[in-house]
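Here's the structure we're looking at; comments come further down.
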Amino acid sequence: MFFTSNRYTSVRKKKSSLIRPRTLGIALLILSVLLMLYYSSDKGMESSNVISRVILYPIGAIQSVRNFVSSQISGLLENFRAKKELIALREEMETLKLENAKLKYKLKDHASYLDALRMPHEEDFPAVSAIVRYREKRLTQSLIINRGSVDGLSNNMPVWTTQGLIGRTIRMKEHASRVMPLTDPGSAVGCYVEGTSYEGVVCGTEEGKQLIFQDQHLIAGGDENNYPSPGNAVWTSGQGFVFPRDLLVGYISDATSEEGLVVEPAVDFESVKSVLIITTTSLEDEMLSLMTDG
């Protein structure tokens, strides 16, 4: 009796296990999918009956949701790709800007070298061309050039351009030099005034902008009535053996100052890009040889 009861219980359990809610749900889901696939594949099906409407409306809703989600995801992916491309374009633009700046610097450097190479090299004035690498903003406005002792330069060598005299070298390194301009307060150059018989010394000023022609004197046999006037050119006289004769210094702008004749430099020191350094002159060699001869 006990065995029969257990057998009946096990059979009942098996029957109940077949109709569990989970099993029914899976079966209904599979059936729904099959029906949806069947009706959706039949393009010529009339949607007038109740069954087709019950099945096709959810299918249409699902497709609409799917299309909406798909379009949103596609938009997000497109925006992501566009943003990535924009970042790449910005990086490329920054790279191009940097390369452009480098090319502009090289072009400017090349133009400075070209200006230096185009400067006239006279036989009496053997010179080395150089580029102005740095310009101090102090009152002295000294220049730093890219030539030094390895290029044959030494202190107190004249520096000039086709516009006129710049100054002289005062400090030397192997590959760079400092140039003292004429406008420096410590600068003094022996000069004469063109068209007159007056000579003197042109000195820099504290302002570092103009020159003062001091200690002007009349050379022997000169006409004292032919006094310098504004517009007269001032040239180096060659005194002191540092600057050769006949290098243009500037032009007289004021002949009535109590300090002396005011001279406007011929060179705009703030715009100088390239210069020539006179290494030696035949005049200097001949003068020194005469001085050393017994």
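The values are calculated or read from the model by the stated rules, or taken from the named source; none is laboratory data. What you see is a predicted model; the values in this text were computed from it and never measured. As a convention, Cβ positions derive from the backbone with ideal geometry for all residues, glycine included, and neighbour counts pool all protein chains shown. Quick note on the areas: whole protein, heavy atoms, side chains included, nothing else; ligands and nucleic acids left out. Shrake-Rupley method; radii C 1.70, N 1.55, O 1.52, S 1.80 Å.
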Review point. If we restrict to alpha carbons, what Rg and Dmax does region 133-248 come to, in Å?
Key: 15.4, 51
Revision key, fill the gap. When every protein chain stays in place and a 1.4 Å probe is rolled, Ser237, Ser154 sorted by accessible area with the largest first are Ser154, Ser237
Study note, to complete from the structure: For Gly167, the net charge from surrounding residues (Cβ-Cβ under 11 Å; K, R +1; D, E -1) works out to +1
Practice item. Grab the other residues whose beta carbon is less than 13 angstrom from that of Val234, score K and R as +1, D and E as -1, and report the net. Key: -4
Review point. How much length is gained if the chain between Thr205 and Asn156 is pulled fully straight, taking 0.36 nm per residue apart and subtracting their Cα-Cα distance, in nm to one decimal?
Key: 15.7 nm
Check your understanding: Simple spin-label model, 7 Å along Cα-to-Cβ: Ile30 to Gln239 in nm?
Key -> 12.1 nm
Check your understanding: What does the accessible area per residue of region 126-252 come to in Å², with a 1.4 Å probe and no ligands, DNA or RNA counted?
Key -> 46 Å²
Exercise for review: Please list Arg66, Arg135, Arg22, Arg245 in order of solvent-accessible area, largest first, computed with a 1.4 Å probe with all protein chains present.
Suggested key: Arg22, Arg66, Arg245, Arg135
